[in-house]
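Notes for the one structure printed next.
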Amino acid sequence: MNGPGFSPVVAALWVAAGVGFGLAYFAMLRRTAEILGAARSRGAAAALTLGRLAAAIGFLALAAHFGTVPLLAAFLGFLAARARALRALRRAI
């Protein structure tokens, strides 16, 4: 796995970036669910959804631009944030 251009430090930074992005992504998802659950503005919920998806596409495209390892590392961080968000939701219920 230590091919040309692979750096464990860079991979770790992309994992951290993925976790940070994922936490923000799932916070926006929770906010969207709260808006929809309270039967408030569907426009605001739609805007948050589109913004969230556009940000995810942009973030993962940026990681892919730097190569396979950064993309996989960023996605791993994103999945770690998802696990944390689900664990927090289960505790809240």
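All of (1) surrounded by 15 or more Cβ atoms within 10 Å (Cβ to Cβ); (2) aromatic (Phe, Trp, Tyr); (3) not in a helix (DSSP H, G or I) hold for Phe6 with one exception: (1). Exactly one residue out of Ala63, Ala83, Ala74, Ala54 is surrounded by 16 or more Cβ atoms within 10 Å (Cβ to Cβ), free of Cβ contacts under 8 Å to residues at least 60 places away in the same chain and under 13 Å from the mean Cα position of the chain (by Cα): that is Ala63.
Within segment 10-50, the set of residues being among the small types (Gly, Ala, Ser) and in a loop (DSSP other than H, G, I, E, B) comprises Ala38, Ala39, Ser41.
Any read-out appearing in this document is the output of simple, stated calculations on the displayed coordinates, not a laboratory observation. Fair warning: this is a prediction, and the values are worked out from it, not measured in the lab. Neighbour counts are summed over all protein chains in view; Cβ atoms, including those assigned to glycine, are modelled from backbone coordinates with ideal geometry.
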